[in-house]
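Read the structure below first, then the notes.
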Amino acid sequence: MSKVAVVYWSQTGNTEAMAQAVANAAGATLLTAADFSADAVAEYDAIAFGCPAMGAEVLEEEEFQPMWDAVKANLNGKKIALFGSYGWGDGEWMRNWEEDAKASGAVLAVESVMANETPDDDALAACKALGEALAQ
């Protein structure tokens, strides 16, 4: 079983609920974006990152984006997965985030998971599958 981290930022609790589902399925360490750094990347075999869409479909800009910018240079060859919630738009923030992750050399291990507002049973099941895939 891989050593997995789940790193997230949540404003309303929707992405936090997703993070908890991923972490429970993966037997992972659950960390907020403020508690994760580029140095910590090497400690894990796989990392799930969770952030909701903010503003004009972007990552949260005060905590999550700076953390992401700091760690992505260390993700080359690392197995990762992305997830988050949104309340509007069509998922552009996730597509842009996936492209940024791929450009850094990260290996997207599974399809990203998005939940519209509060994650429903299907979204939570997808989070569980995401966690299980990272733990393998």
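Compute the signed sum of charges (Lys and Arg +1, Asp and Glu -1) over the other residues within less than 13 Å, Cβ to Cβ, of TRP88.
-4
Tally the DSSP beta bridges in the stretch 14-136 and give the antiparallel ones as a percent, rounded to 5.
10 percent
For the chain, the mean residue ellipticity at 222 nm estimated from helices alone is -11000 deg cm²/dmol, where every DSSP H run of n ≥ 4 contributes -39500 (n - 2.57) and the total is divided by all residues, rounded to the nearest 500. Listed by Cβ neighbour count within 10 Å, with the fewest neighbours leading, PHE49, PHE36, PHE64 appear as PHE36, PHE64, PHE49. Placing unit charges on the Cβ atoms of the charged side chains and taking the dipole of the chain about its Cα centre, the candidate lying farthest along the positive direction among ALA123, ILE47, MET18 is ILE47.
Read the figures in this text as sums done on the coordinates, not as results from a lab. No experiment lies behind these values; they were computed from the predicted model shown. Cβ atoms come from the backbone with ideal geometry, glycine included; neighbour counts cover every protein chain shown.
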